[in-house]
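Engineer: The structure's right below; bear with me while I get my questions together.
Since every read-out is calculated from the coordinates, none of them should be taken as a lab result. What you see is a predicted model; the values in this text were computed from it and never measured.
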Amino acid sequence: MKLNRKDILEALETISVSGEGKNMVESGAVQNIMTFGDEVVVDLLLTTPALHIKKRAEVDVMKAIHEHVYQKANVKVNIKVQAPEKTEIKGKAIPGIKNIIAVASGKGGVGKSTVTANLAVSLAKMGFKVGLLDSDIYGPSMPMMFDVQTEKPLSVNIDGKSKMKPIENHGVKLLSIGFFTQPNQAVIWRGPMAAKALNQMIFDAAWGELDFLLVDLPPGTGDIHLSIMQSLPLTGAVVVSTPQNVALADARKGVAMFQQESIDVPVLGIIENMAYFTPEELPDNKYYIFGKEGAKMLAEDLNVPFLGQIPLVQSIREAGDIGHPAALQENTPFSKAFEVITQNVVQETVKRNKSLPPTEAIKITTMAGCSAVNK
């Protein structure tokens, strides 16, 4: 069968490259099409070398031609990558900090802070210089998780300026509003006051040289999130969810927040927490209490990387409560799970930095694009 180039173009107009709103033809990704009888050669030009995006583009092209043109067509896809030139970070970058990663969840109670604490500890165990900013102004939990509730940051002089020295434990530098309030004191602040406190912890702190600064965001998609994204040029975001539908619906919104055109922070991936329950006396058994692989399927649906699963284990909760994160325990199933996830976060960060320019701190001049209704 002789294939028609016009039919192939029309088929390719039904698909798009991951992360782009336009179809492949309109976006300029399709550079050339050659046909020889029932053979088709499609040349694509992509702007990212990420392997999963290249593979997805190749599969989509083959599928579109087989479904819309000729089922038995012999399709070959040639992919060339031309990444955009890297630009300088704009906004208030923090000197000495290489990567700033926000850890978010659309819903409370999914173990986001526990995951963040263990990510930080795992990064430190791997030899990275790590900082952790607890930006959950109204429910700071990091001082307890690092067993430093009674500590108070000291003032140090850096280049003639007074700076806060973060508290350090388990190889992680930590700042939290919890250091400046009493354990039984509720923080009752309006948005501008909370934003001002966050800015002080970000820019008036002596973080020093860091490979990673993790930012533990509060649940949801609100004022604190915008304040962080306006203040910091985030390298990327990690979203934590449990497998059940009620959490996944909010996790989807969390990913959508970062992917909004006015925000545009790369999502490094999704972590599935409380993926399954394993009793201590039956370590090989898995009971899917909250559903099976819901977050993994969500990652596939949204075309973002899936970073891994963390089991629901009593000792993970106990370790957090006593200020000794579970990732510190050597050669246990859950410490290995955190190691794998942390390696994936590092890998996705490296990919992101190779393929995309540094993120700018966002500039929001109106509420259009940052609310449920565009105005």
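Engineer: What number do you get for the stretch 255-345 when its Cα radius of gyration is normalised by 2.2 N^0.38 Å, N = residues?
Structural biologist: Values: Rg = 15.0 Å, N = 91, 2.2 N^0.38 = 12.2 Å.
That ratio works out to 1.23.
Engineer: Work out how much length K286 to R5 would gain on full extension: take 0.36 nm times their residue separation and subtract the Cα-Cα distance, in nm to one decimal.
Structural biologist: Net length gain for the segment: 96.0 nm.
Engineer: Same structure again: Using 0.36 nm times the number of residues separating R317 and D159, minus their current alpha carbon distance, what extension gain do you get?
Structural biologist: Working: separation 158, 0.36 × 158 = 56.88 nm, distance 4.15 nm.
Between R317 and D159, full extension yields an extra 52.7 nm.
Engineer: Of K63/K98; K112/K165; K196/K351, which sit over 29 Å apart, Cα to Cα?
Structural biologist: The answer is K63/K98; K196/K351.
Engineer: Right, another one. Using a/c under 1.5 as the rounded threshold, could you call the stretch 108-179 rounded, prolate or oblate? The axes a ≥ b ≥ c are square roots of the C-alpha gyration tensor eigenvalues, and prolate needs a/b larger than b/c, oblate otherwise.
Structural biologist: Details: a/c = 2.20, a/b = 1.36, b/c = 1.62.
Oblate, since a/c reaches 1.5 and b/c is not below a/b.
Engineer: Ok, one more. Amide H to amide H, which residues 5 or more places from L132 or on other chains are under 5 Å from it, using H placed in the peptide plane?
Structural biologist: K173, L174, L175, L214
Engineer: Here is a further query. Report the gain in length on full extension from K63 to F180: 0.36 nm times residue separation, minus Cα-Cα distance, nm rounded to one decimal.
Structural biologist: 36.4 nm
Engineer: Give a residue-ordered list of calculated ³J(HN,Hα) values for the stretch 281-288 (Karplus: 6.51 cos²θ - 1.76 cosθ + 1.60, θ = phi - 60°; whole Hz; x for Gly, Pro).
Structural biologist: Rounded to whole hertz, the list is 7, 10, x, 8, 8, 10, 10, 8.
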